[in-house]
Amino acid sequence: MAKIIQSRFPIDLTPSVAVGYGFPMNGPAVFLPTYTTRDQIKANLINYLLTNNTERVFNPNFGANLRSLLFEGIVDSTQDELLLSIQDNIGRFFPNVVIKEIKFNNEVDRNTTNFILTYQIENFGIEDMINIELQ
């Protein structure tokens, strides 16, 4: 009988070697190093979701461009557009990430929205969440 072994990225095998950098960028040497794939995927998602188009030099199409949707004001259709945009962007640029749930908390008076994205990294059984405020 075959036994399924939990998958693990090869770069996670050496705990003292950083995989990348995370957020916030205020660590002892400006960059906060990440040592696991879980932490790096979370940092990549935060970076992508908070970046607007044309903000990245030499890569103008990078970013989810979510803040542009808030320019119109927060209504139910804005929340629907944000939901579709987040699902589309993550599905296209992060194929190994499966969205479990997205919860919105809108503050219409401040024209801000806060969303909690719960996701799972496919084939690894790792579940995590991100809390992002857009204004």
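All of the numbers you see were taken from the coordinates with simple rules; none came from a lab. Treat the numbers as computed from the prediction; the structure is a model and nothing was measured.
Structural remarks
- Computed from Cα positions, the angle between helix 37-50 and the longest principal axis of the chain comes to roughly 20 degrees.
- Scaled radius of gyration (Cα, divided by 2.2 N^0.38 Å) that segment 49-124 gives: 1.17
- Computed from the alpha carbon positions, the gyration tensor of the chain leads to an equivalent ellipsoid with semi-axes of 29, 19, 13 Å, biggest first.
- Phi to ³J(HN,Hα) by Karplus 6.51 cos²θ - 1.76 cosθ + 1.60 over segment 54-63, Hz, x for Gly, Pro: 6, 7, 9, 5, 6, 8, x, 8, 6, x
- Helix 76-93 axis, angle to the chain major axis (alpha carbon atoms, nearest 10°): 30
- For segment 81-135: Kirkwood Rh in Å [reciprocal of mean 1/r, alpha carbons]: 12.0
- With contacts taken as Cα pairs under 8 Å and at least 6 residues apart, the chain reaches a relative contact order of 16 percent.
- Sequence-distant residues sharing a close amide H with TYR21 (under 5 Å, placed H): THR34
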